[in-house]
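Note sheet for the following structure.
The values are calculated or read from the model by the stated rules, or taken from the named source; none is laboratory data. If you're wondering where the values come from, they're calculated on a predicted model, not measured in any experiment. Note that we place each Cβ from the backbone using ideal geometry, even for glycine, and neighbour counts take in every protein chain shown.
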Amino acid sequence: MSSGMPQTETPAIVACTVSRDVQNFDLLIEDMESALGEAWGDLGFTEALAFFGQAEAEPLQFIALAIDSADEGDLPLMGEIITQAKARGIKVILIAEDVTPAALHTLLRQGADEFVPYPLPEQELQAAIERLQAPAPAAAAPNQKQLQSGSQREGAVIVCHGLAGGTGSTTMAVNLAWELAALSEHEEPTVCLLDLDLQAGSAATYLDLPRRDAVMEMLGEPENMDEDLFGQALIPFQERLQVLTAPAEMVPLDLLSPEDITRVIALARSHFDFVVIDMPHTLVQWTETVLNLAHVYFALIELDMRSAQNALRLKRALQAEDLPFEKLRFALNRAPKFTDLTGKSRVKRMAESLGISIDLQLPDGGKQILQSCDHGLPLAVSAAKNPLRKEIAKLAASLHELGRSEAEAA
């Protein structure tokens with residue numbers, strides 16, 4: 001039997017705080033009440049994961065994930081909360097107090113939409129909510145890089161190939177590509193970075209770029225590869241550098257044939273002044289293709305036995321197949337300092353024993369290299385005075401000057 005009394009309608013819950021104990025964030029409680037009245041709730045960490053799957057969660061627009069230093073041991077759980085929320089179209093505002101930058105970076109990379117420090121600055125939570133609720137801008141066309149049809153450039157191909165794990169080939173490729181793209185305000189060659197390490201490529205990570213499904217679509221239909229497909233697969237970094245990332249999924253290295261690789265590089269060369277390629281450590285059926293197309297092929301090594309053995313193996317393999325071993329330019333990463341005479345002597349003995357010339361010696365950039373890679377920024381942006389960055393910048397300038405001289409001579 002219905003009552004004759006008027007029924008009070010409970011407002012739908014459109015937001016929730018998610019925390020270990022919301023009473024530790026009293027200012028957040030006040031700001032949530034001010035912004036949403038009674039249309040919000042509070043959940044614990046494990047409660048949130050269960051709540052997302054319930055019908056009551058359907059009206060939820062966002063969560064305010066509030067953490068402090070005591071929660072850093074549960075970062076995987078925090079990341080799972082963000083992932084599950086994003087999978088259901090729920091926005092995430094990260095509220096953090098006394099949390100390390102590394103932890104913040106991890107959670108923001110997981111997909112948090114907004115970050116507000118605690119104690120909350122006045123009106124900052126309201127501003128973050130308004131940004132979340134603002135209409136999304138019109139989506140950019142899938143082909144963010146409009147490739148000019150019929151372009152006939154003859155871009156230079158520069159390859160980086162690490163002969164052992166950790167020799168810095170991706171760091172070299174990413175930073176060399178950026179230095180070429182940002183030589184000066186008045187002179188910016190067009191540059192494309194191709195991450196051909198299809199299984200473990202990390203150029204996307206080093207530049208904090210998403211991995212597009214269009215990459216796999218293009219690689220999966222190489223016979224249909226054209227300017228449109230290639231352009232859709234590229235993603236820009238700071239509007240200067242175009243990047244073909246490795247696929248989001250791990251795929252076989254022989255997914256592409258030598259003919260497919262030739263087509264990819266030809267497309268890149270016809271539209272860009274420089275094409276920088278990061279190669280897998282493994283020799284594959286199309287390594288010969290890239291070697292033959294390369295104008296400069298950097299083989300990165302370190303001053304250790306594994307690099308020496310792998311360099312010798314590579315030399316024997318190429319010479320046995322009558323391939324152009326002379327194209328390789330050996331680059332020694334973490335080279336000894338100028339004053340390290342013992343180290344310099346070891347470099348000389350290594351080159352003599354292998355019968356190679358070490359054409360480039362790159363200094364040890366220290367912890368800044370790892371930090372730059374983790375933050376998804378080139379060294380020129382995150383650590384411009386780093387000695388490794390300076391050496392790569394010099395190399396980029398010399399390669400550009402060499403390319404310009406050859407163009408003028410032609």
When ALA248 is run through (1) in a loop (DSSP other than H, G, I, E, B); (2) touching a residue at least 40 places away in the same chain (Cβ under 8 Å), the failure sits at (2)
Could you tell me which residue of region 322-356 is surrounded by the most Cβ atoms within 10 Å (Cβ to Cβ), considering only residues that are out of contact with any Asp or Glu (no Cβ under 9 Å at 6 or more places or on another chain), closer than 29 Å to LEU293 by Cα and among the charged types (D, E, K, R)? LYS327
Using the structure shown, decide if LEU303 is under 14 Å from THR167 (Cβ atoms), part of a loop (DSSP other than H, G, I, E, B) and over 24 Å from the mean Cα position of the chain (by Cα). yes
Which members of region 91-123 meet the condition of being over 21 Å from THR205 (Cα atoms), exposed (fewer than 14 other Cβ atoms within 10 Å of the Cβ) and in contact (Cβ under 8 Å) with a residue 24 or more places away in the chain? ASP98, PRO119
Out of LEU219, LEU193, LEU229, LEU198, report the one residue that is of a type in the set (A, V, I, L, M, F, W, C) and in a loop (DSSP other than H, G, I, E, B). LEU198
Would you confirm whether any residue within region 252-271 is in the same structural domain as ALA173 (by TED's automatic domain parsing) and in a strand (DSSP E or B)? no
Being buried (at least 16 other Cβ atoms within 10 Å of the Cβ), of a type in the set (A, V, I, L, M) and in contact with a Lys or Arg (Cβ under 9 Å, 6 or more places away or on another chain) is the filter here, so list the residues in region 245-255 that pass it. ALA246
Would you mind finding the one in ASP260, ASP278 that is more than 12 Å from ALA164 (Cα to Cα), at pLDDT 95 or above and not β-branched (Val, Ile, Thr)? ASP278
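LEU198: surrounded by 20 or more Cβ atoms within 10 Å (Cβ to Cβ) and within 13 Å of the chain's Cα centre (by Cα), yes or no?
Values: surrounded by 20 or more Cβ atoms within 10 Å (Cβ to Cβ): yes; within 13 Å of the chain's Cα centre (by Cα): no.
So LEU198 does not fit the description; no.
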Filter region 212-228 for residues that are over 21 Å from GLN199 (Cα atoms) and at pLDDT 85 or above; which is surrounded by the most Cβ atoms within 10 Å (Cβ to Cβ)? GLU227
